[in-house]
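Q: The structure under discussion is supplied below as structure tokens; questions concerning it will follow.
The values are calculated or read from the model by the stated rules, or taken from the named source; none is laboratory data. Note that this is a predicted model, so its numbers are computed, not measured. Don't worry about glycine lacking a Cβ; one is built from the backbone with ideal geometry, like all the others, and counts go over all protein chains shown.
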Amino acid sequence: MFTQRSVVVVILLTIVTCGIYSLYWYWSAMHELNNAGGKSLGNLSPEIQFVLLFLYVGGVVFAINADDNINAVKQSRGLTAADNKVIYVLLALLFPIAMIALIQNEMNQL
């Protein structure tokens, strides 16, 4: 369902490529999460969400959508869902690479 990526490799590639890999990661994660959970804030397609990344609000939209989709997948599998929206949004605003690491870790666990 989700592509297994090493969190350490994602962080290192993001740093080494000066953030270019993070754009690829966002694109892939947006599509994987949307396909798995089927939830989207305001019915925004992954493509629109990606464009919003360049307007600074996209990280917040992605954080909210990622949490909703991860929780939808957890509920469909009978797992306990956790509301991490606040953490994801704060990290999206202050330290995006940490948000990427947390979301990739959640995706790997599923």
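Q: For the structure I just gave you, tell me whether Val60 is of a type in the set (Val, Ile, Thr) and buried (at least 17 other Cβ atoms within 10 Å of the Cβ).
A: Values: of a type in the set (Val, Ile, Thr): yes; buried (at least 17 other Cβ atoms within 10 Å of the Cβ): yes.
So Val60 fits the description; yes.
Q: Quick test for you: out of Leu12, Leu53, Leu90, Leu23, pick the one residue that is out of contact with any His (no Cβ under 7 Å at 6 or more places or on another chain), surrounded by 13 or more Cβ atoms within 10 Å (Cβ to Cβ), without any contact (Cβ under 8 Å) to a residue 12 or more places away in the chain and on the phi < 0 side of the Ramachandran plot.
A: The conditions single out Leu90.
Q: Which is of a type in the set (Phe, Trp, Tyr) and over 14 Å from the mean Cα position of the chain (by Cα), of Phe50, Phe54, Phe95?
A: Values: Phe50 fails: over 14 Å from the mean Cα position of the chain (by Cα); Phe95 fails: over 14 Å from the mean Cα position of the chain (by Cα).
Answer to the check: Phe54.
Q: Return yes when Lys74 is surrounded by 17 or more Cβ atoms within 10 Å (Cβ to Cβ) and farther than 14 Å from Ile103 by Cβ and no when it is not.
A: Values: surrounded by 17 or more Cβ atoms within 10 Å (Cβ to Cβ): yes; farther than 14 Å from Ile103 by Cβ: no.
The answer is no for Lys74.
Q: Then there's this: Keeping to segment 76-102, report how many residues are assigned to a helix (DSSP H, G or I) and modelled with pLDDT of 90 or more.
A: Filtering segment 76-102 for residues assigned to a helix (DSSP H, G or I) gives 76, 85-94, 96-102.
Keeping just the survivors that are modelled with pLDDT of 90 or more gives 85-94, 96-102.
Residues that pass the stated criteria total 17.
Q: Still on this structure: So, Gln104, is that one touching a residue at least 24 places away in the same chain (Cβ under 8 Å) and either within 23 Å of Cys18 (Cβ to Cβ) or among the charged types (D, E, K, R) (or both) or not?
A: On the way: touching a residue at least 24 places away in the same chain (Cβ under 8 Å): yes; either within 23 Å of Cys18 (Cβ to Cβ) or among the charged types (D, E, K, R) (or both): yes.
Against the criterion (touching a residue at least 24 places away in the same chain (Cβ under 8 Å) and either within 23 Å of Cys18 (Cβ to Cβ) or among the charged types (D, E, K, R) (or both)), Gln104 qualifies.
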